[in-house]
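Have a look at the structure below, then the notes.
The values are calculated or read from the model by the stated rules, or taken from the named source; none is laboratory data. Since the model is a prediction, treat every value here as computed from it, not as a measurement. Cβ: placed from backbone, ideal geometry, glycine included. Neighbour counts: every protein chain shown.
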Amino acid sequence: MRRAIRSPLLALALIVVFAGTVLATAASTGFHPTLLSRGTLSEPVHFNTGAVKFQTKGSVDVATATVTLDPLSSSGWHEHPGVVLVTVKSGTVTFYDETCSATIHAAGTSFVEAAGDGPGLGRNESATDTAVIYVTYIVPTGSALRIDKPNPGCPQD
């Protein structure tokens, strides 16, 4: 008979790993991100060109992705560690904030998500049409592009 090895450190590590998994909401099976590129701006950047101002205070990564949302799918509740620029190429995406308020974004429109805004959830609420979005992430160098978060108490998941 094998004797189980018990380690308080191993037990603590497993609790931390599984607690994060249980508390976060995973992206649904109908949410398909495809990372197209990721590069680093190693020096601070400051541009002010009329209606556009863009500034970083240090090294950042810029990543570009295409995301396809199947009918009735969602992103899962999440946040980003930087700024995310989203353009809806086709279909419609409904974005829910942490107060459960919805904003509808049709094809040809754009929206921004940013660190500190609280968790959000993007949904394709169409039962028949696929939605496609283009996403540009500007995040601290080496950081994750997305951080799964628990549902803040909204009926949407």
TODO: Sort out for me the strands (runs of 3 or more DSSP E) sitting completely within the range 80-157 that have 1 or more residues that are at pLDDT 95 or above and more than 22 Å from Val62 (Cβ to Cβ).
DONE: 83-90, 92-96, 102-106, 121-123, 131-140
- [ ] Only residues that are loosely packed, with under 13 Cβ neighbours inside 10 Å and closer than 19 Å to Thr64 by Cα: list them for the range 100-118, please.
- [x] Gly108, Ser110, Val112
Open item on the list: Taking the condition of being over 30 Å from Val45 (Cβ atoms), acidic (Asp, Glu) and buried (at least 18 other Cβ atoms within 10 Å of the Cβ), how many residues in the range 119-154 meet it?
Closed with: 1
TODO: Any chance you could count how many residues in the range 99-144 are at positive phi and without any contact (Cβ under 8 Å) to a residue 40 or more places away in the chain?
DONE: 3
- [ ] Being over 17 Å from Leu69 (Cα atoms) and not hydroxyl-bearing (Ser, Thr, Tyr) is the filter here, so list the residues in the range 119-147 that pass it.
- [x] Pro119, Ile138, Val139, Pro140, Gly142, Ala144, Leu145, Ile147
- [ ] Filter the range 45-98 for residues that are free of Cβ contacts under 8 Å to residues at least 24 places away in the same chain and farther than 23 Å from Val132 by Cα and give the result.
- [x] Val45, His46, Phe47, Asn48, Thr49, Gly50, Ala51, Val52, Lys53, Phe54, Gln55, Lys57
- [ ] Filter the range 41-67 down to the residues that are of a type in the set (S, T, N, Q) and within 24 Å of the chain's Cα centre (by Cα), then identify the one that is nearest to His80 (Cα to Cα).
- [x] Thr64
Open item on the list: Given the options Leu41, Leu35, name the one that is surrounded by 12 or more Cβ atoms within 10 Å (Cβ to Cβ) and under 30 Å from Asp157 (Cα atoms).
Closed with: Leu35
- [ ] Inspect the range 90-99 for any residue being surrounded by 17 or more Cβ atoms within 10 Å (Cβ to Cβ) and of a type in the set (A, V, I, L, M, F, W, C) and give the result as yes or no.
- [x] yes
